[in-house]
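Shown next, in structure tokens, is the structure this report addresses.
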Amino acid sequence: NSYFAMVSISSSFGRKPATGSVLPISRRRGASRNGISTLRLSSVLYGIFVLVAVVVAIPLLIQKQTLLMMMPSSSYSSLYGYDKYLVFKPIAKTQPLPERYITLWLHQVHRWFGDDGPERYKNIKSFVKTAKAAGFDSVMTDLPWEWSERDFPGTVTLDNFNKDWMKLVCDSGMQLQVVLSMRDLPPWIQQHAKDHQTSYYERGSDTCTSKEHNDRIHTPCVSNAYVWERAQNYTYTATQTLLERYGSCIQSLSPTLNYEFETRFTYESMTRHDYTDTTAALYKQWQVDQGQAASVAVAAEPPVLPCKNSCKPLISPASLDWLAFLEEFLGDRYEKLCQIVHDASLRFEDSVEDDGDWEGTKRRRHRRCFLHFGEVLATVDFAFSNLLVKLGRSDSVDELIMDSNMMLSGAPATPSVVGVLTSLAHAYPGKRIHYEVATERVLPCRDDGQLVGSQATALSKEQQHLGAALLLRTGVSHSLEASIDSLGVTNLCRPDLASVLWDSAPVIRRAPKFAPTALLYVPYRAFYAYGFVATTGTCGWEHVPCWHESLADVTFFGEPFQQKKKGLVPEGTCPVDILQHSVLLAWDELRLRHQHIAVVADIQMLYDHPDLVQNVKERVLVRFPCLMPASSPRQHQGWKFYNGTADQAAYAALARKYPFREQVASEVC
């Protein structure tokens, strides 16, 4: 079996059995001239031929019938889950993966390696040594705002709370990737808020969230001018402080405002979005800038969106405007923070490199800014927003880390999620693409840094192909097929066991380049119309069997866990995101015939980079009919999301020149 021939659908679908030409018996050398003998010989050979044909044809017919049953059609309900017995079109050529990293977050430093003192540093050094021996090139960690600029504004300390452990990484010859985490405020800012009798944290909708819950939200509100100024200053000072201390050991940095280090809005319970007065004021000004209101005084207040899952699409203009504003607002904030990382790193001597000019002139280069992106093109975009589209186009963002545990809805989905995400990231030229795999469901760690129970040794071959392990291994395989630049492993206390997540060969191999021969266009703002909708039975959608039988034994969480506990999830099924599932089916079907698929979520990308649409053999649009009416010369209803009419017109113009096949998710509405 090919290394990449691991999952879903066979490339042999539709092939006819090869049959050799059979010469007439009378023209064959050595044939008897006697008519009877010739007839007997002919009968024997004919019988052998029929027998061979039956033996060959029956399995092929069975396989073809199986494939036909598993092939996606325009109807969502016609396909029940994914076929784990079939194989995608394999990648013919591979090359070594350039980089891989492992994470070690500050809270794990305190939790895994014993009490503060020499023993802790000894254990950390052992972890770093083991990670390097296992083939990791760098370590990713975080520098929390509340623990670093703790006492005074403008003073970032790297020695307190054991943050100086980072030196052990540099001493080993490995590099550091540092997340500048602003998930909470330092004490002096909290005191400033108390002194001014205000709050500098985000606030959820009063309709959906109690005051007690709002008081527990500790995400800094960057629409507040004071908080935003301090966040920018921390990003600049922290970048310079790290480079002054560790120099070229710092490979890249990532500013983040999210409690999970992801580039999105924070979601806690049903708080969805920030309803502070400062955010509302910016929203009103945005309406004026868009020409939707004559002045701030007459601009609309932020709409109150549904508190619970919505089974019907939200297409009111007020809701669409609000979601579009949030996307643009937070995207602008992250773009600015990455630009600050660039600016702060330019003055250091090690940031000067030869540009190859014949005069030997020098140019300055900045440290790379990377951002984490969780699963997008799903109904969670309603709450988190999809910032990848905006930030993927930004010159300030250098690296995209695609992060997925393939359990978005609280139950195991399919490894095709990873293929879609990494393919989507490749739509943005010039970016370094990472895939980060979380291991806590395969190799869970205790608080003392040891593996849980029977996982204390490497997984057996049988264990590697069951449940979550199979899901993660296959997801990693899909990322390598998509020619990622780096593979990350997070939340693993035993770096020497990371190899259970990929092929056992010492060198991890990937496709040499991403060269799509098919295009999958999925308008990303269509996903803002639904909020956290899965096939749990709540909205009447049919249940979907798990991608593999063993996944039914993986512990669910969230609503699927409660539904399963009540007996509302049929045995052998796994709740999946309703819209994401439609995208995965379309991607799976294309992978029958194509090694690489360009996944594009913004129609403008197809105009800015025409090669994405021109140089492919097959083009598919995933269309949700209740949001995206079919285009016709007589009907121009417009797609029912923000800027949908313009997007539909742009798509129609392309489709007239380059034919698209439409994959209609008819059961979503």
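Could you check residue 252 against (1) in a helix (DSSP H, G or I); (2) open to solvent by less than 10 Å² (accessible area, probe 1.4 Å); (3) in contact with an Asp or Glu (Cβ under 7 Å, 6 or more places away or on another chain) and say which number it fails?
(1)
Among all residue pairs at least 6 apart or on different chains, which show Cβ distances below 6 Å where the first residue, located in the stretch 545-574, is in contact (Cβ under 8 Å) with a residue 60 or more places away in the chain and the second is part of a loop (DSSP other than H, G, I, E, B) and surrounded by fewer than 17 Cβ atoms within 10 Å (Cβ to Cβ)?
From the stretch 545-574, the pairs are 545/80; 545/572.
Kindly evaluate residue 540 against the criterion of being closer than 16 Å to residue 405 by Cα, of a type outside the set (Val, Ile, Thr), in contact (Cβ under 8 Å) with a residue 12 or more places away in the chain and out of contact with any helix residue (DSSP H, G or I) (no Cβ under 6 Å at 6 or more places or on another chain).
No, not satisfied.
Restricting to the stretch 379-399, name every residue that is acidic (Asp, Glu), open to solvent by less than 10 Å² (accessible area, probe 1.4 Å) and more than 19 Å from residue 275 (Cα to Cα).
Residue satisfying the conditions is 399 alone.
Under 7 Å between Cβ atoms, which residue pairs at least 6 apart in sequence (or on different chains) link something in the stretch 475-497 that is under 20 Å from residue 516 (Cβ atoms) with a partner that is of a type in the set (D, E, K, R) and part of a loop (DSSP other than H, G, I, E, B)?
483/513
Select from the stretch 573-625 the residues that are out of contact with any Lys or Arg (no Cβ under 6 Å at 6 or more places or on another chain) and of a type in the set (Val, Ile, Thr) and list them in ascending order.
Selection gives 573, 576, 578, 583, 597, 599, 600, 603, 613, 616, 622.
Give just the number: which of (1) under 22 Å from residue 103 (Cβ atoms); (2) surrounded by fewer than 20 Cβ atoms within 10 Å (Cβ to Cβ); (3) out of contact with any strand residue (DSSP E or B) (no Cβ under 6 Å at 6 or more places or on another chain) does residue 300 not satisfy?
Just one mismatch for residue 300, condition (1).
Among the strands (runs of 3 or more DSSP E) lying completely within the stretch 417-532, list those that include at least 2 residues that are at pLDDT 90 or above and more than 17 Å from the chain's Cα centre (by Cα).
518-521
Give the residue that is least open to solvent (accessible area, probe 1.4 Å), with candidates limited to residues of the stretch 115-154 that are in a loop (DSSP other than H, G, I, E, B) and free of Cβ contacts under 8 Å to residues at least 24 places away in the same chain.
117
For the stretch 93-114, enumerate the residues that are among the charged types (D, E, K, R) and buried (at least 16 other Cβ atoms within 10 Å of the Cβ).
Matches in the stretch 93-114: 99, 100.
Quick check on my filter: what residues within the stretch 349-378 are open to solvent by less than 20 Å² (accessible area, probe 1.4 Å) and either on the phi > 0 side of the Ramachandran plot or at pLDDT below 90 (or both)?
Answer for the stretch 349-378, where residues must be open to solvent by less than 20 Å² (accessible area, probe 1.4 Å) and either on the phi > 0 side of the Ramachandran plot or at pLDDT below 90 (or both): 351, 377.
Tell me which residues, restricted to the stretch 166-204, are surrounded by 19 or more Cβ atoms within 10 Å (Cβ to Cβ) and among the small types (Gly, Ala, Ser).
181, 204
Which condition from (1) part of a loop (DSSP other than H, G, I, E, B); (2) touching a Ser or Thr at 6+ places or on another chain (Cβ under 9 Å) is the one that residue 282 breaks?
(1)
Kindly indicate which of 536, 555 is open to solvent by less than 30 Å² (accessible area, probe 1.4 Å), assigned to a loop (DSSP other than H, G, I, E, B) and of a type in the set (Ser, Thr, Tyr).
536
If I go through the stretch 137-157 residue by residue, how many of them are under 27 Å from residue 438 (Cβ atoms) and not polar (S, T, N, Q)?
Residues that pass the stated criteria total 9.
Yes or no: residue 122 among the basic types (Lys, Arg) and closer than 29 Å to residue 397 by Cα?
no
Take residue 211 and decide whether it is open to solvent by 10 Å² or more (accessible area, probe 1.4 Å), of a type in the set (Lys, Arg) and at pLDDT 95 or above.
For residue 211, the condition - open to solvent by 10 Å² or more (accessible area, probe 1.4 Å), of a type in the set (Lys, Arg) and at pLDDT 95 or above - is not met.
Restricting to the stretch 95-114, give me the number of residues that are assigned to a strand (DSSP E or B) and of a type in the set (Lys, Arg).
1
Does residue 412 fit the bill of being modelled with pLDDT under 95, part of a loop (DSSP other than H, G, I, E, B) and either open to solvent by 10 Å² or more (accessible area, probe 1.4 Å) or on the phi > 0 side of the Ramachandran plot (or both)?
no
The values are calculated or read from the model by the stated rules, or taken from the named source; none is laboratory data. Keep in mind that this is a model prediction, so the values were computed, not measured. For neighbour counting, all protein chains shown are included, and Cβ atoms are generated from backbone atoms with ideal geometry for every residue, glycine included. Each accessible area value is taken on the protein alone, full model and side chains, heavy atoms only, with ligands, DNA and RNA left out. Shrake-Rupley method; radii C 1.70, N 1.55, O 1.52, S 1.80 Å.
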